Each structure stands twice: as structure tokens, then as C-alpha cells.
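I have placed the structure first, in the form of C-alpha cells, so that the comments after it can refer back to it.
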Amino acid sequence: MIAGESKIELQNYLKEYFPLNTAQLEQLAELFRMETMEKGDFYAQTGKPCHKLSFLKSGYLRIFETAENGKEVTQWISSTGEFTTDLSSLAFGQNARRNIQAISSCTLYTIHQEAYRSLPEVLPAWPELEKLFIAKCFITLEDRVFGLLSKTAEERYQQLFQFKRHLFNEVPLHYLASMIGMTPETFSRIRKNCLS
């Protein structure tokens, strides 16, 4: 069970994604447990089930997969307050499509699949809330794809720097370069130009 300031923090994270009143937030928060991970631990691995959803209290998780040429491609770096899961595994019981690995020590608020599946009983409005949640995820994904297709390398760099500046001092830069679809060399050149 999560108590005290951590419970309030979790409720604030949940409020960012779900339009719930205080009583509903408390009910939902009761289903989460606090977990820790060490750097290098896997939250999810390609080809294995991932039966949980988490919000990061602290630390960084890298979502990535290995392309056919053997190159690792970083899809996202999750940080404090953001949720993580392999949605296809959680929602449909499939094996995870991507790896999710701790790139620092992490503390997470986690709901496991059994509790997640009980949500319609705990919160009768859950099916509608879940649809809105998945729609928000889809819109975010659409925006990212459009940005990758329409923005220059410099614009993608500036956008990442604007919205996730803290990553630039905490995460290996080649992960950030991969996340916005450029080589480490291009990323370094743009970074140098921006710093000068």
C-alpha cells in the first residue's frame, strides 16, 4: 500500500491522465504498489509478457527495440510523472513488442494486470476513461510521427530540448539522438551549434 505524500503524488500523476474526483483518485491509487528497479533491470522484454502499468516516481526508463540490422532504436525515455507499459501486452495479453529498461535506479508506482482488470468493478466509469486515456496516447503518438516527418533535425532537437531539457544532463546523448531520428554525429553537431 502507498501512503502519505507518495499517495498524494500518485494521485496527482493519475489526475493528469484521468478526469476523476478525489474519491475516485483515492480508489484508483489503492490498487498501485511501489516498486524499485536498479540500473540495467528490464521492466519489459520483447517476446515476454508485460502485465503491469507504472508511473515513474523517479529515474529513467528507456523504451527501445532492435532493428533487423542489429541497431537499437530508442522510441522514448520515460521520466518522472510519466507512465510506462507495453500497451499491447497489458491490453491484449500479447508478448511485449519492445524492451523497457532502467537506465538509472527507478522507483515506480505499479498496477498489475489482475488489479488493472478489476478497474471496471472499482470505478464503473473506467471503460470510458480507458478509451480517453488510449485516445490521448494515440494523439501523442500521431504528434510524434508528424514531427519526425515534417520538422528539420534542428527543429526536432529544439523541441526535445524545450520539453525534456532535464534529459540532456541525465541520459546518454546517443539515446536522445535515436529518439528523435538522427545520428549521434548530427545530434552532437546541432548541440554544439546551440551551445556556442
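Here, each number is a calculation from the coordinates, and none is a lab measurement. In this text, all values refer to a predicted model and were calculated from it rather than measured experimentally. Neighbour counts are summed over all protein chains in view; Cβ atoms, including those assigned to glycine, are modelled from backbone coordinates with ideal geometry.
Observations on the structure shown:
- Those lysines that a straight Cα-Cα span of less than 21 Å connects to residue 48, excepting residues fewer than 8 apart in one chain: 39, 71
- Summed residue charge, Cβ within 13 Å of residue 50's Cβ, Lys/Arg positive, Asp/Glu negative: +3
- Global form of the range 151-196, assessed from the alpha-carbon gyration tensor, a/c cut-off 1.5: rounded
- Among 128, 26, 35, residue whose mean-square fluctuation peaks in a GNM of the chain (springs only between Cα atoms under 10 Å): 128
- Gaussian network model of the chain, springs between alpha carbon atoms under 10 Å - residue of 143, 41, 86 with greatest fluctuation: 143
- Dipole magnitude for the chain: about 540 debye, using +1 per Lys or Arg Cβ and -1 per Asp or Glu Cβ, origin at the Cα centre.
- The range 115-168-the range 26-65 distance, computed between alpha-carbon centres (Å): 16 Å
- Span-like helix ranges in the chain, DSSP H, alpha carbon extent 27 angstrom or more, Kyte mean at least 1.0: none
- Positive contributions from Lys and Arg (+1) and negative ones from Asp and Glu (-1), summed over other residues with Cβ under 14 Å from the Cβ of residue 161, come out at +3.
- Evaluating kT/(6 pi eta Rh) at 20 °C and 1.002 mPa s, with the Kirkwood radius of the chain over Cα pairs in the Stokes-Einstein relation, gives 119 µm² s⁻¹.
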